[in-house]
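The values are calculated or read from the model by the stated rules, or taken from the named source; none is laboratory data. Since the structure is predicted, the reported quantities are computational estimates derived from the model, not experimental observations. When we count neighbours, we look across all protein chains shown, and the Cβ atoms used for this are built from the backbone with ideal geometry, even at glycine.
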Amino acid sequence: MKYDIVIGLEVHIQIRTASKMFCSCPNKYGADKNTLVCPVCLGYPGVLPVPNLEAIHTTILAGLMCECRIAQYSKFDRKSYFYPDMPKNYQISQYDLPLCADGRVEIVGKGLTGNFVDSTIIGITRIHLEEDVAKSVHYSGCSGIDFNRAGVPLMEVVSEPELTSADEAYLYLNTLKQIMKFADISDCDMEKGQMRCDVNISLKPAGASTLNPKTELKNLNSFKAAHHGISYEIQRQSEILDSGNELIQETRGWNDDRGESYPLRAKESEDDYRYFPEPDLMPIRITDETLEAIRKSLPETPADKRKRFVSEYKIPEYDATVLTADKAIAAYFENCVTHGGSAKKIANWMMSEFLRELAQANISVETSPVKPESFAALIKLIEAGTINGKIAKVVFAEMFSSGKMPGDIVEEKGLVQVTDTTEIADFARAVIDSNPRPVQEFRDGNNKALNFLVGQIMKLSKGKANPQVATELLKKELEDG
C-alpha cells in the first residue's frame, strides 16, 4: 500500500548569550565538569530565577527571521518531569503563550540523496524559550551528571507537520541552521549540543485524512542521522502496516552505528508534564518600542540574500544557493566582487577550487590565506588573458600555500600566457610534424584528434599557450598543409 508521509520536527537551539537563562553563571562550552554552576541552576531550595533579557530579545529576533507573529504578552511555565539531568525535577519553559508563533521558512535545494527539492514553505507552529537540562555522562561502570549545561538559554522551534520526506527534513534543518547563524543567534554546532532535534513521523494511507499513531525519534546527533532515521522509520512503519498490524505511539532512540531505531518508552502526553504558570516569574511584556528596535536589527535572511545574489550579480539560482549556505562564504563572495572581476567567474572558482582547498586544509573561510582582494586579482588576470585557466589553477594552489598575490607568483615563475601568434604557430608546426597519425585522423574528419593536438601544443608550451589562439592557428596550419 502507498502511504503519505507526515513529518514534524522539534529543534532545540542553544542561544549564544554571556550568561545562563535564569542566573549569572557563564554560558560557555568546554569548561571542566560542574564548574559553571550556582544554587539557581543546581535547583537548590529557596533560590529565585531572574530572566535573561538578552535571551528573550534574541528569541524574538529568531521569530522575526522566521516571519513569526511576536506575542507582546507572554509568560513562563513549569514543565514537570523526573530525569537525572533535571536538577529541579521541573523545567522552566513556555506552554500556551510562547514568544513566537505562526512563522514560516522556505526550503529549496538538493537533499542528502541528491534529489532537488523545489521551493517549499514549511510552517513554524511556535518558537518558545526555556532552560536547557544538564548532560548525562556515561562511563564504563557508572554514569554521572555535568550540570554546566543546566540553565543555558534554549529555544525550541516546532514545525508544522508539513514535511513529507527525509530530504525535505534534511533541507529544513540546514535552512534553520543558516538562519540562526546569519543572525548570530547560535553556532548550531550539533557536536557541542548547541542544536538538537526530535522527529515526529506518522504514515497514513495515500489520500486519507486520519493519521496512524506517530513515533518520536530521539538521539539524532547530526543532520545525516536525522535523514537516515526518518528513512528507516518510514520503512519500518510501512512494513508493520503492510503486514496488517497496528502501530503504537511511542518514543524511539536512534542507533547511528547500527542504522536502526529502538524503543525507549511510551510517548508522554501534555497532561503528563502538568504544566502550570511559573510562580517565581512575572509575565513578559514586550513594548512596541522594544519590538521595533529588534526589527531594525534584523540582518538579511539567507533566502533574501540568495534571491538578491541572483538578481544583482546575475548568477544562477544553484550558484546563489551554494554561496549563501554559509554566512562567511557569502560575505567573502561579495567582498571579492567589490574588488572587480566577473561575478559568475568568481562564483565558479569559489565553488570549485576555493571550497575544495578549504575542505582539504580543514580551515574556515575566515582563516583562508587567500584574501578577497587576492582572489579577485587572480580572476582579473584570467579575464585579461595574462594566464589561462590551467595556469590559474597552479597559481591558485601557490596562493593558498603561500598567501602571495597572484601577480607576484606569475612573475616569479614566468607563467605569463603566450599570446604571440608567431611563437604559437611554431608550436603548432612542431606538433604537426611529430604527430602524423592524429593529423591524418583530423583531415579524415575526426574532430576529436584536434583536441589531442591542441593538448600537445599546451604540453610543448608548458601550459602557457593561449588555448583559443592555439586552436585557431593549428586549424589554419592543418588546412594550409
Residue, modelled with the highest pLDDT, within region 213-234, restricted to residues that are in contact with a helix residue (DSSP H, G or I) (Cβ under 7 Å, 6 or more places away or on another chain) and in a loop (DSSP other than H, G, I, E, B): S222
Failed criterion for D85 (all others in (1) part of a loop (DSSP other than H, G, I, E, B); (2) in contact (Cβ under 8 Å) with a residue 60 or more places away in the chain; (3) closer than 30 Å to P316 by Cβ; (4) not polar (S, T, N, Q) hold): (3)
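Of all the residues that make up region 212-230, how many are closer than 18 Å to R258 by Cβ and either under 20 Å from the mean Cα position of the chain (by Cα) or crowded, with 19+ Cβ neighbours inside 10 Å (or both)?
Taking region 212-230 first, the residues closer than 18 Å to R258 by Cβ are 215, 217-222, 224-230.
If we keep only those that are either under 20 Å from the mean Cα position of the chain (by Cα) or crowded, with 19+ Cβ neighbours inside 10 Å (or both) as well, we get 215, 217, 219-222, 224-230.
Final tally of qualifying residues: 13.
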Hits in region 394-412 - residues which are touching a residue at least 24 places away in the same chain (Cβ under 8 Å) and of a type in the set (A, V, I, L, M, F, W, C): V394, F396, A397, M399, F400, M405, V410
Near pairs, Cβ below 7 angstrom, 6+ apart or cross-chain, from region 127-147 (assigned to a loop (DSSP other than H, G, I, E, B)) to any residue that is among the small types (G, A, S): D132/A150; D132/G151; V133/A150; A134/A150
Evaluation of S311 against (1) closer than 30 Å to S342 by Cβ; (2) touching a helix residue (DSSP H, G or I) at 6+ places or on another chain (Cβ under 8 Å); (3) not acidic (D, E) (one fails), failing number: (2)
Matching residues in region 29-58 - criterion: being within 28 Å of T290 (Cβ to Cβ), touching a helix residue (DSSP H, G or I) at 6+ places or on another chain (Cβ under 8 Å) and assigned to a loop (DSSP other than H, G, I, E, B): C41
Exclusive hit being charged (D, E, K, R) and in contact (Cβ under 8 Å) with a residue 12 or more places away in the chain, set E239, E162: E162
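Quick grid of which residues meet (1) surrounded by fewer than 16 Cβ atoms within 10 Å (Cβ to Cβ); (2) more than 17 Å from the chain's Cα centre (by Cα); (3) modelled with pLDDT of 95 or more:
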position: R308; (1), (2), (3): yes, yes, yes
position: K327; (1), (2), (3): no, no, no
position: V337; (1), (2), (3): no, yes, yes
position: A343; (1), (2), (3): no, yes, yes
position: W349; (1), (2), (3): no, yes, yes
position: N362; (1), (2), (3): yes, no, no
position: T386; (1), (2), (3): no, yes, no
position: I391; (1), (2), (3): no, yes, no
position: V394; (1), (2), (3): yes, yes, no
